[in-house]
1. Can you tell me the FRET efficiency between Trp433 and Asp188 if r is taken as the Cβ-Cβ distance and R0 is 51 Å, rounded to the nearest 0.05?
2. Around Val123, with a cut-off of 15 angstrom between Cβ atoms, what is the net charge of the other residues, counting Lys and Arg +1 and Asp and Glu -1?
3. Which whole number of Å³ per residue matches the convex hull of the alpha-carbon atoms in the stretch 313-366?
4. Counting only protein heavy atoms and a 1.4 Å probe, tell me what percentage of the chain's accessible area is made up of carbon and sulfur.
5. If a helix is a whole DSSP H run, which ones in the chain reach 30 Å or further along their own axis (Cα) and hold a mean Kyte-Doolittle hydropathy of at least -0.5?
6. Any idea how far the Cα center of the stretch 287-307 sits from the one of the stretch 468-505, in Å?
7. Roughly how many nanometres apart are two label points built 7 Å out from the Cα toward the Cβ at Arg51 and Ala532?
8. In nm, give the distance between the simple-model label positions of Leu516 and Asn324, each being 7 Å from the Cα along the Cα-to-Cβ direction.
Amino acid sequence: MTDPSPMETAAAADVPTELTDGYHLVVDALKMNDVDTIYGVVGIPITDLARLAQAQGIRYVGFRHESNAGHAAAIAGYLNKKPGVALTVSAPGFLNGLVALANATTNCFPMVQISGSSERHLVDLKQGDYEEMDQLTAAQPFVKAAYRVSRVEDIGRGIARALRTAISGRPGGVYLDIPAAVLGAIMDKEAGASTLSRLVDPAPRQLPAPEAVDRAIELLAGAERPLVVLGKGAAYAQADAKIRAFIESTGIPYVPMSMAKGLLPDDHPQSAATARSLALKKADVVMLVGARLNWLLGHGEAPQWNSDAKFIQVDIEPKEMDSNQPIAAPLVGDIESVLDVLAERTKPGQIATPAAWRDELKARSAQNVAKMAKRLEADPHPMQFMGALKAVRDVVHEHPETYIVNEGANALDIARNVIDMHVPRHRLDSGTWGVMGIGMGYAIAAAVESGAPVVAIEGDSAFGFSGIEIETICRYKLPVVTVIMNNGGVYRGDDVNPYDDAPSPTTLMSAARHDLLIEAFGGKGYRATTPAEVTAALTEALASGGPALIDCVIDPSAGTESGHISHLNPKGITVGNITPAKK
């Protein structure tokens, strides 16, 4: 075989090399790692990235505000147990998305935010580029990790690193910065393909130490008043059957945190949700499963808790242990693995809950259920939160596949108590931060990811944070019914400004017609002033399977300042003692 002639070599050199660019490599890397949906807001420099993703078979859902797109990606991560992906432009768009990314990190939802950014040589010398910002530095304090891709050949590595970090260990939010020049950079297609990789076992099982499990078993076996607290981490784990088997085999009463409702049906005989205060105050051994002793659980402190209680904590993050109270039996590992080892090492009948403790909780539950039933039976006019939410509850009972999204102050607190859940991961709410503005993003993602109907129960104030996304709901023809508890104010609508004609700080428009908003975008609007009208409207809306909004007119005096957490308001000089400024 002879060497090629100079003419043959020259001819081969003239054959064009097939090329790729940063845009294609991002999409190829995402597809290789089973990312099938992106939530975002387009603009310079990522518009073509969204177009290409859509052309290559990735579903793109375009929002009106980056925070809402980010919230959608975060809750998609929670529902699917794999990272949700949000796409934003640089600087202001990045910052808008960062709110949701920080919230995802706080709530332990796996999420990756990919943002375009300005050129590094301009940013670093602060030369005033278009939307110039050092986004990587800005993101780092608020996320699990932040990375920047500075070369086109590193895109595959950056995507893989971000996805693995988001889902491994304790899940959280990850920021991935891709400058515009990297997106537009061109390289050989074959060489580019060789830089991409598919993740192997990105969230490996983490088994607890056997001696740690034995320590926990010993504590539970000796308890007189044991209690299990199920957090949203338990719901995220998707170990539903194993959680139920552990609860039922031991007979231990349990209290679900709000997003853990439905892991076992709320009417399960071992549920102590309706006797929560008594359960927390008297339990002597408490097993936390995917729950943290943060403010939502009073930091584990007396008088809300028994000062002598011993805590067992199941968490994948070792640093979580002892964060508020001494943990007598830390169980470090993923929830499913911990439950497996518990089942293997517990002898039959070793853990048995005393009947006296179960009976005490059942008696208190019966009292509280009777009190709640009496309140729900009332039908005052103007309509109260209870009446409207009872109507929602009764309709949703006929549609158990429905997802409930819930935010607000009183709208959140009262709905959580009135609307019982029977299916896991179907209640999505404000979570650990208690942040407002998650409503429409969560509702859109729940509908997109599941195809099931969604009922978003919103306070009128909370709705304002993301309300424009009803256009997104209508544009994508999603089965989302938004139910607004409209009492004309932040907390309540009867506050007055005694000093001039300006509205008080908590006053909204009492005559607001939220139902007309959705009609502007082609959805169906309803206005309800009685529980019967709520029932009729929600029944019709769910049957239609399309976008709808029900404006529930609530008594302006209904509700309390800050809902159930009014005690967190600092006490200073009362408003009545403040002297108004002279005009």
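1. 0.65
2. -4
3. That works out to 133 Å³ per residue.
4. The computed percentage sits at 56.
5. none
6. 33
7. A separation of 5.6 nm, rounded to one decimal place.
8. 4.6
The values are calculated or read from the model by the stated rules, or taken from the named source; none is laboratory data. Predicted model, so just to flag it, every value in this text is computed and none were measured. FYI the Cβ positions are ideal-geometry reconstructions off the backbone, even for glycines, and counts take in every protein chain you see. To get the accessible areas, we keep the full protein, side chains included, count just its heavy atoms, and leave off ligands, DNA and RNA. Shrake-Rupley method; radii C 1.70, N 1.55, O 1.52, S 1.80 Å.
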